[in-house]
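Each remark here refers to the structure printed beneath this line.
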Amino acid sequence: MPLNLPVVDASQGVEKGALYVVATPIGNFEDITLRALSVLAGVDMVAAEDTRHTGRMLSRYQISSPLISYHDHNEAERAPQFIQKLLDGISIALVSDAGTPSVSDPGYRLICAAIQAGVKVIPIPGVSAAIAALSVSGLPTDAFMFLGFPPKKQARRMALLKDIEGEPRTLIFYESPKRILSFLNDALTVLGDRSGVVCREMTKRYEEFIRGSISEIMSDLSGRREIKGECTLVFSGKNKDKPLSAESLESSVSEYLMCPAESPGELARKIALKFGVSRKTAYQMILSEKAKGEQ
C-alpha cells in the first residue's frame, strides 16, 4: 500500500531553477529514499526516461508532479528546452527507469548543459546496480572499474576486453540477457577463466546470483531455456601473484592440514580467489595433494 509521506512543495524543500538528479529503484519500489520522494513531490516537473514506468512509481506514493519524457531519442531536442525552463526558475527532477541518471542511462547531455548554463545541479543519491552487485560479489571492493554496457559488436567488444585484460581492479559490466552468453564467451577468451558473479533481477522477485568461474557461470546459463532480466556482471581483476604452482598449492594444503577445522571447500574458495582458478579445480587439486600426503 502507498506510504503516507508528506508532500513537499517547491517553496518548502525544493530550490527554484535547480536540476535534481534523482536515483530511483532498480526493481523494488520500496528501495527509494525519503529524500527522493520529497524532491519528486516538490519539483515543478519530472523528466523521465519512460513516463509510464515512472508514473506507476509516483502513483504508488501519491505524487502528482507533471511528467515529461526525456530519453536517448529526444535528448538533443529536449535538453535546450529544459535548460530554458531551469533558467526561468522551473525546478526539474531527472530520473531514469532504474538507478542513477547518466550512469549508463540518459542524462549526461542535460547535466553538462545545465552546468555550462550556470544551473545548480543537485544529486539525490540512491540505488546503483553496479554498487549493489559489487557489495555482494565476494570480490575485492577497495578498487574497481565500472564499464557499463560492453559494445554490441563483437570486434569492438573484444578490443575493449583486450584493453583491460591486465587491469588488477575488480571489473563491473551491465549486459542484456540476449547478449550475456556471447559476452561471457568473449570474456573467457580474453580474460581467462577468472572468478565472477552474474547478478540477475536484483531486488526483484526472481533475484539471483550466479557465482563461480566464468566457464562455470556459462555452463549454468547455457542449460537454461531462456535468460530473463537485466544482468550486472562482476569479474575479479588480473591476479598479480605468481600462477598456481605445485609449490604454492602444497603450501596452502599444508596450512589446511595444520588447521583441520577448515574444510577443503573453504580452502578451495580461498585458493580460487587468490590464484584466479575455479573452486572445482582448486578442490580437486587439494584432494589430490592431500592423498599424496597420506601415502
Per-region count, region 97-121, residues part of a loop (DSSP other than H, G, I, E, B) and within 20 Å of residue 77 (Cβ to Cβ): 8
Residue check, residue 19 at pLDDT 95 or above, in a strand (DSSP E or B), aliphatic (A, V, I, L, M) and within 24 Å of residue 117 (Cβ to Cβ): yes
Cβ-Cβ under 8 Å pairs, at least 6 apart or on other chains, region 222-248 side among the aromatic types (Phe, Trp, Tyr) and surrounded by 10 or more Cβ atoms within 10 Å (Cβ to Cβ), far side at pLDDT 90 or above and part of a loop (DSSP other than H, G, I, E, B): 235/139; 235/194
Which numbered condition residue 122 misses (of (1) touching a Lys or Arg at 6+ places or on another chain (Cβ under 7 Å); (2) under 20 Å from residue 41 (Cβ atoms)): (1)
Subset of region 36-50 that is at pLDDT 95 or above and surrounded by fewer than 21 Cβ atoms within 10 Å (Cβ to Cβ) - its residue that is farthest from residue 107 (Cα to Cα): 38
Residue list for region 52-87, restricted to those being closer than 17 Å to residue 99 by Cβ and β-branched (Val, Ile, Thr): 54
Residues (surrounded by fewer than 22 Cβ atoms within 10 Å (Cβ to Cβ), among the polar types (S, T, N, Q) and closer than 15 Å to residue 238 by Cα) located in region 176-218: 189
Within region 142-195, tally of residues that are hydrophobic (A, V, I, L, M, F, W, C) and closer than 17 Å to residue 216 by Cα: 8
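Quick one: which helices (runs of 4 or more DSSP H) lie wholly within region 122-240 and hold at least 1 residues that are under 23 Å from residue 105 (Cα atoms) and at pLDDT 95 or above? Can you show your working first?
Working: elements: 129-135, 154-163, 180-191, 214-222.
Hits in region 122-240: 129-135, 154-163, 180-191.
The values are calculated or read from the model by the stated rules, or taken from the named source; none is laboratory data. Please read all numbers here as calculations on a predicted model, not as lab measurements. Using ideal geometry, Cβ is built from the backbone for each residue, glycine included, and neighbour counts are taken over all protein chains shown.
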